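No value in this document is a laboratory result; all are computed from the given coordinates. All of these numbers come straight from a predicted model, not from anything done at the bench.
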Amino acid sequence: MTLEGRILNREDAEILQIQEGSPALTVTRTTCLADGRPFEYMKWVGRADMVSFSTEFGASGSFYPGLLDIWGSEGCDGSKESPVSSPAR
């Protein structure tokens, strides 16, 4: 999982009902099958003034049999690229 602070562009600011140039938090995550194939790609953007983040660390492994979560900015194959291309804005 990757957390990234950023400044909102016009389109995202309109969707979030806040001024362009406001701070935001972007969270991206890739979840893979146990054999390394991408299963899910998630990208979330939230207003920095209305978001908090907390986490708990525990034993490694997935909550779902057959799935392996990849925590970091790498793809399922260890590359630095996402297995799913996000739409251009």
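Quick look at the numbers
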quantity: Interchain or long-range residues, amide H under 5 Å from residue 8's placed H; calculated: 21, 22, 24
quantity: Three semi-axes of the equivalent ellipsoid, region 1-47, Cα gyration tensor, whole Å, largest first; calculated: 28, 10, 6
